[in-house]
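The values are calculated or read from the model by the stated rules, or taken from the named source; none is laboratory data. Nothing here was measured: the structure is a model prediction, and the numbers come from that model. Note that we place each Cβ from the backbone using ideal geometry, even for glycine, and neighbour counts take in every protein chain shown. Just the protein is used for accessible areas: all its heavy atoms, side chains included, with ligands, DNA and RNA removed. Shrake-Rupley method; radii C 1.70, N 1.55, O 1.52, S 1.80 Å.
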Amino acid sequence: MSEETKPTTITRMTPHELTQIVAGHEELFILDVRNETEFNDWKIEGEKIEIINIPYFDLLDGIEPALEQIPDHKRLLVVCAKEGSSQFIGEQIAEAGRENVYYLEGGMKLWSEHLEPVKIGDLMSGGEVYQFVRIGKGCLSYMVVSDGEAVVIDSARMIQPYLDFAQARDVQIKHVLDTHLHADHISGGRELSNVTGAAYWLPPKDADEVTYPYNELVENGDIRIGTGNVNVHPIYTPGHTIGSTSFLIDDQYLLTGDILFIASIGRPDLAGKAEDWVSDLRNSLYELYGGLPEHLIVLPAHFGKVNELDVQGKVWAKLGDLFSTNPGLNIKDETDFRKTVTENLPPQPNAYQEIRQTNMGKINPDEEEQREMEIGPNRCAVHDN
Amino acid sequence: MDIKVDRVVDAQGLACPMPIVRTKKAMNELNTGQVLELQATDKGSVADIQAWANSTGHQFLGTKQEGHVYRHYVRKSEPDEVKEEMTFPHTVHNDELERLLNGNTEIRVVDVREPAEYAFGHVKNALNIPLGELEQRLGELIPGSELYIICRTGNRSNLAANLLEEKGFKNIKNVVPGMSQWNGDVERD
């Protein structure tokens, strides 16, 4: 029998199915067969997920070292970088008599790119807000839909899910917005606007070095959707970057970008200006957000840990609640605040300099290079998750 | 340029895990000290071949990229390889050789490692004659001239130095500890 044509005795698990397991806090045992460096940098997480790492090349003489560690009664998911090695090892585990053996379709590569749309809620003036959860990387983007029109905010690099979603609902993407110049992922905003003809909007203070045309997001320069009853209202909230802009939508939803997360706050150092922007960050959080109504639903551009997802897989919180639960909103002393956001920060995101250059249009890496740059967690918050 | 190796594994077009599976199989058929070249197009092979070599104790030499093809070079090692005793009496330390190379004296360095090891870093102007070919290539060396014999750790160069002396060469020096701890300039092919 040739080594490439073994019969498949294992079941494929799609990124969508894995997302349901993670969001539903279901039990799962994962055997990750990537090399140790890749595993330590980034892995699948979940409240009831148990995960071990044994590189596939350490199992070529036999899978016994893995069998010893895999519990009998649990679903087993074998994961690798792309999928080949997980099938290779998974099949041997199934042949050894184990049941409930799955492999992850497309491996960590597809997992890092998977976007799961979830509905956040309705708009008072007609329409809905959807959150696109990039669960493998912790990125959140949004589509606001009203009267046949849509706005996309903080688009991921992969734009097809937005196009498919808009087509299925028969809406036209009219505006594409970024809350700031991203450092952890490549924005799909420019491409999405090219493909759809939508207007692309950026905060001008983040766009000094941008090489392509864009529209300037300015405070009180509201963007209207559909018949005009739904508006996106930009609020200038610097701190993570100098241009960082929040959006108040329908007087209900506050899109905070990378300024305020559910369990943490944004870090000011990714554009190299940590010390300068500390007071801007504090002012945005404590004064500007502090002055907004408590009932607003905060929708950030990232989550840190998967326990920030609710049972439906959404990430959100009431602004008033965050002022009591989020440690970043409860640092009274300014010096302590400065220390928290400038010292002992988590490592910076993978290739963040190149990602910023790409988002400015200064470099044009191909798709494979872009994918490579985005590997790993987002790390945009000050607290290490 | 092709580097001379003992075995080529062609895994072009194959996805993970096949490049490593085939490398492992071929490696089992090689003798200790022989060099294997893995040709792969899967980018994952770049990190995995190194991690695999680390975990098995084989010596990873390096990777060359030509277009979309990666050529990885690995030299077979045995974990229980016995370190042979250094029997050749005339040795010079790396530092001394480096000093001589930086001076004006014309000296001849003979690197007795495998071509792939040599390709990923050698002393400037060193002549590469793998230990296994030394006996057939004595004609390339000038009897009576000062010859500095170097390898990775001083083992193979020790054997080479003894062989050369047997064959009547004088002024032979074994360079220790060898390229594995060389701090001076290196050239790459």
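Assorted remarks:
- Here B:Ala47 meets each of (1) touching a helix residue (DSSP H, G or I) at 6+ places or on another chain (Cβ under 6 Å); (2) at pLDDT below 95 with one exception, condition (1).
- Qualifying positions in segment B:61-80 - surrounded by 12 or more Cβ atoms within 10 Å (Cβ to Cβ) and among the charged types (D, E, K, R): B:Lys64, B:Arg71, B:Arg75, B:Lys76
- The set of residues in segment B:1-42 being at the interface with chain A (Cβ under 10 Å from one of its Cβ atoms), outside any loop (DSSP other than H, G, I, E, B) and open to solvent by 50 Å² or more (accessible area, probe 1.4 Å) consists of B:Arg22, B:Lys25.
- A single entry from A:Tyr142, A:Tyr103 fulfils the requirement of being at negative phi and under 17 Å from the mean Cα position of the chain (by Cα): A:Tyr142.
- Flag if A:Phe323 is of a type in the set (Phe, Trp, Tyr), open to solvent by 10 Å² or more (accessible area, probe 1.4 Å) and touching a helix residue (DSSP H, G or I) at 6+ places or on another chain (Cβ under 6 Å): yes
- Condition broken by A:Asn231, with the remaining ones in (1) in contact with a helix residue (DSSP H, G or I) (Cβ under 8 Å, 6 or more places away or on another chain); (2) free of Cβ contacts under 8 Å to residues at least 40 places away in the same chain satisfied: (1)
- Test: A:Pro161 is at pLDDT 95 or above, within 21 Å of A:Leu248 (Cβ to Cβ) and open to solvent by 10 Å² or more (accessible area, probe 1.4 Å): no
- Residues satisfying the criterion are present in segment A:294-310 (criterion: assigned to a helix (DSSP H, G or I), closer than 21 Å to A:Ala23 by Cβ, open to solvent by less than 60 Å² (accessible area, probe 1.4 Å) and not aromatic (Phe, Trp, Tyr)).
- Among the residues here, A:Ile153 does not qualify as closer than 20 Å to A:Gly361 by Cβ, surrounded by fewer than 24 Cβ atoms within 10 Å (Cβ to Cβ), within 17 Å of the chain's Cα centre (by Cα) and aliphatic (A, V, I, L, M).
- Selected residue [in contact with a Lys or Arg (Cβ under 8 Å, 6 or more places away or on another chain), within 21 Å of B:Ser55 (Cα to Cα) and free of Cβ contacts under 8 Å to residues at least 60 places away in the same chain] from A:Pro55, A:Pro65: A:Pro55
- A:Val133 being open to solvent by less than 30 Å² (accessible area, probe 1.4 Å), within 30 Å of A:Phe39 (Cα to Cα), in contact with an Asp or Glu (Cβ under 6 Å, 6 or more places away or on another chain) and part of a strand (DSSP E or B): yes
- Close pairs from segment B:146-159: first β-branched (Val, Ile, Thr), partner surrounded by fewer than 24 Cβ atoms within 10 Å (Cβ to Cβ) and assigned to a helix (DSSP H, G or I), Cβ under 6 Å, at least 6 apart: B:Thr153/B:Ser180
- Among residues of segment A:316-332 that are in a helix (DSSP H, G or I), those with a Cβ under 6 angstrom from a residue that is small (Gly, Ala, Ser) and open to solvent by less than 90 Å² (accessible area, probe 1.4 Å), sequence gap 6+ or separate chain, pair up as A:Gly328/A:Ser264.
- Of the criteria (1) open to solvent by 20 Å² or more (accessible area, probe 1.4 Å); (2) assigned to a helix (DSSP H, G or I); (3) at pLDDT below 95, which one A:Val278 fails: (1)
- Scanning segment A:350-385 for residues that are within 25 Å of A:Tyr214 (Cα to Cα), over 16 Å from the mean Cα position of the chain (by Cα), within 14 Å of another protein chain (Cβ to nearest Cβ) and assigned to a helix (DSSP H, G or I) yields a count of 2.
- Every condition in (1) farther than 18 Å from B:Cys16 by Cβ; (2) within 14 Å of chain B (Cβ to nearest Cβ); (3) not charged (D, E, K, R) holds for A:Gln20 except the one numbered (2).
- B:Glu135 vs. criteria open to solvent by 80 Å² or more (accessible area, probe 1.4 Å), within 30 Å of B:Met27 (Cβ to Cβ) and not assigned by TED's automatic domain parsing to the domain that holds B:Lys24: yes
- Against the conditions (1) within 14 Å of another protein chain (Cβ to nearest Cβ); (2) open to solvent by 50 Å² or more (accessible area, probe 1.4 Å), A:Arg34 satisfies every one except (2).
- Pairs are defined by a Cβ separation below 6 Å, a sequence spacing of at least 6 or placement on different chains, a first member in segment A:276-302 that is in the same structural domain as A:Glu128 (by TED's automatic domain parsing) and free of Cβ contacts under 8 Å to residues at least 60 places away in the same chain, and a second member that is of a type outside the set (A, V, I, L, M, F, W, C) and part of a helix (DSSP H, G or I); the pairs so defined are A:Glu294/A:Gly320.
- If you go through segment B:81-123 and keep only what is open to solvent by 20 Å² or more (accessible area, probe 1.4 Å) and of a type in the set (D, E, K, R), you end up with B:Glu81, B:Lys83, B:Glu84, B:Glu85, B:Asp95, B:Glu96, B:Glu98, B:Arg99, B:Glu106, B:Arg108, B:Glu114.
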